[in-house]
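Coordinate-derived values only; no laboratory data. For clarity, every value in this text was computed on a predicted model and none was experimentally measured. In this analysis, Cβ positions are derived from the backbone assuming ideal geometry, glycine residues included, and neighbour counts consider all displayed protein chains.
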Amino acid sequence: MVSQTRRYGGVTQEERKRLRRENLLKAAADVVADVGTNKLTVTQVCKRAGLTERYFYESFTDRHALIDELVATLASEHFVAIAATAALGPDDRRERLRLAVGAILHAYTSDTAFGRLAIELNSQGALARHRTGLVRTLANLVSQHAQAVFGLHDLASIEIHMAIRYAVAGSMDLIVDWLTGSLECEQAQLIDACAELGYAVMRTALGPPER
């Protein structure tokens, strides 16, 4: 039987499309790292990727859809390392939270694109709506890893989901203010504050202590 999937140079059309999408996302990250999110344009991204705009619109409806995907991609990639760092810590939830927050700070400062996204999406400008997507993505990632890293169970309730969203959004505000110099404190103080906020959420997830 002859395959109905056409191949060019041994690569299917769908594989080529996936590779072009990945190339566009990488190019977008490079543009954000160089000039920031506010100055990201479809033309710049296509030029950096070496693709025409036709291929851009094959994968994304507009620049905002690209930014949303870039936010989700970078957050997911970094959170794997963040969760792994926390999981290697001692069997103490507060200490693992401190390790996680420290790893988040490292992700923001070591990856220029990710750091600029967090800062610029936290502003009140036209791109602020993307912040909701970043918070939602991070909150979902926290929920996915909470059992393996922190031993938390039964995270499906809307109350727990809202608590995690609250902790993620609050921690992001503190971290971004610290990164931009609006919050003057030592890094250790910031880590402790965010860890305590996360620990409060864990206590909510665990429920009242047994008597």
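Farthest toward the dipole's positive end in the chain, which of L25, Y166, G181, given Cβ charges of +1 (Lys, Arg) and -1 (Asp, Glu) about the Cα centre? Going by the Cα projections, it comes out as L25. Across the stretch 180-189, computed HN-Hα scalar couplings (Karplus, 6.51 cos²θ - 1.76 cosθ + 1.60, θ = phi - 60°) run 8, x, 6, 10, 9, 7, 6, 4, 4, 5 Hz from first to last residue, x flagging Gly and Pro. A dipole drawn for the chain from +1 and -1 charges on Cβ atoms has a positive end, and of T37, V149, L99 the residue lying farthest that way is T37.
Could you work out which residue, out of G102, G198, G181, moves most in a Gaussian network model of the chain, that is, has the largest mean-square fluctuation with Cα springs under 10 Å? Among G102, G198, G181, the largest GNM mean-square fluctuation belongs to G181. The lysines within cross-link reach of K17, meaning a Cα-to-Cα straight distance under 19 Å and a gap of 8 or more places when in the same chain, are K26, K47.
How big is the charge dipole of the chain about its Cα centre, in debye rounded to the nearest 20, if each Lys and Arg gets +1 on its Cβ and each Asp and Glu gets -1 on its Cβ?
Working: 24 positive and 25 negative charges, 193 e Å.
For this selection, approximately 920 debye.
The C-alpha atoms of the chain occupy a region whose extents along the principal axes are 68, 50, 29 Å, arranged from largest to smallest. When +1 charges are put on Lys and Arg Cβ atoms and -1 charges on Asp and Glu Cβ atoms, the dipole computed for the stretch 1-113 relative to its Cα centre reaches about 340 debye. If you run the Gaussian network model on the chain, springs between alpha carbon atoms under 10 Å, then out of T41, T61, T85 the most flexible one is T61. Take every Cα pair under 8 Å whose residues are at least 6 apart in sequence, average their separation, divide by the length of the chain, and the relative contact order is 19 percent. Net charge dipole, the stretch 128-189: roughly 340 debye, given to the nearest 20, about the Cα centre with Cβ charges of +1 for Lys and Arg and -1 for Asp and Glu.
Using just its DSSP H runs of length 4 or more, each adding -39500 (n - 2.57), the chain gives a mean residue ellipticity at 222 nm of -25000 deg cm²/dmol after division by all residues.
Candidates T112, A83, L70 compared by Cα position along the dipole of the stretch 51-164: farthest toward the positive end lies T112, with charges placed on Cβ. Taking a ≥ b ≥ c as the square roots of the Cα gyration tensor eigenvalues, the stretch 89-154 comes out oblate, since a/c reaches at least 1.5 and a/b does not exceed b/c.
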